[in-house]
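In what follows, a structure is listed as structure tokens, so that the remarks can point back to it.
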Amino acid sequence: MTARPLAIGLLSVILGWAAMGCAEDPLSIDRGRESIMFSVPGSAFAPGDTIIATLENRSDRMLGYNLCLADLEQQSPTDWQRVPRHSLFCPLSINPLSPGESDTLTQLVREQFPAGVYRFRTEIVWPLDDNQRFEVTTGSFSLE
């Protein structure tokens, strides 16, 4: 995969959730033949485990993304709270993801993460040539 950076903004609209292998039903951005999936295969993880989230472009148009900017969120009684990052440098760029391609984000489960329900959230630009921005989230999973 060849990455070509483009400038991005932070304006986002919540469009949908995607889950695969989770307790929740899988959802996606789905417009007929075109769909985008952001998923975590598994529903429970423990300290020392590695979580792998996969962004899949199942559409027939290019999308833009930057998984380095994805947020890990923990569910609170009223909403989702962003988990602070540990000194991670992320370039503010968008990488193209061609139709049929996927990319992964890996997250080590640290012992400092409290038990609870979590998910990942990221922004995509889809289709890339129209510069439409959406937020997608994985389904929820638990940290024990």
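The values are calculated or read from the model by the stated rules, or taken from the named source; none is laboratory data. Note that the structure is a prediction, hence the values are computed from the model and not measured. When we count neighbours, we look across all protein chains shown, and the Cβ atoms used for this are built from the backbone with ideal geometry, even at glycine.
Observations on the model:
- Check on residue 47, at pLDDT 95 or above and assigned to a loop (DSSP other than H, G, I, E, B): yes
- Where residue 142 falls short, out of the listed (1) over 15 Å from the mean Cα position of the chain (by Cα); (2) assigned to a loop (DSSP other than H, G, I, E, B): (2)
- Residues that are at pLDDT below 95, under 10 Å from the mean Cα position of the chain (by Cα) and among the polar types (S, T, N, Q) within segment 18-44 are absent altogether.
- Selection status of residue 15, under 12 Å from residue 121 (Cα atoms), at pLDDT below 95 and surrounded by 13 or more Cβ atoms within 10 Å (Cβ to Cβ): yes
- Note on segment 57-93: residues that are out of contact with any Gly (no Cβ under 6 Å at 6 or more places or on another chain), outside any loop (DSSP other than H, G, I, E, B) and under 24 Å from residue 143 (Cα atoms) amount to 10.
- Subset of segment 100-114 [under 17 Å from the mean Cα position of the chain (by Cα) and over 18 Å from residue 62 (Cβ atoms)]: 104, 105, 106, 107, 108, 109
- Of all residues in segment 56-104, those satisfying the criterion of being hydroxyl-bearing (Ser, Thr, Tyr) and either crowded, with 19+ Cβ neighbours inside 10 Å or touching a residue at least 40 places away in the same chain (Cβ under 8 Å) (or both) are 59, 65, 93, 98, 102, 104.
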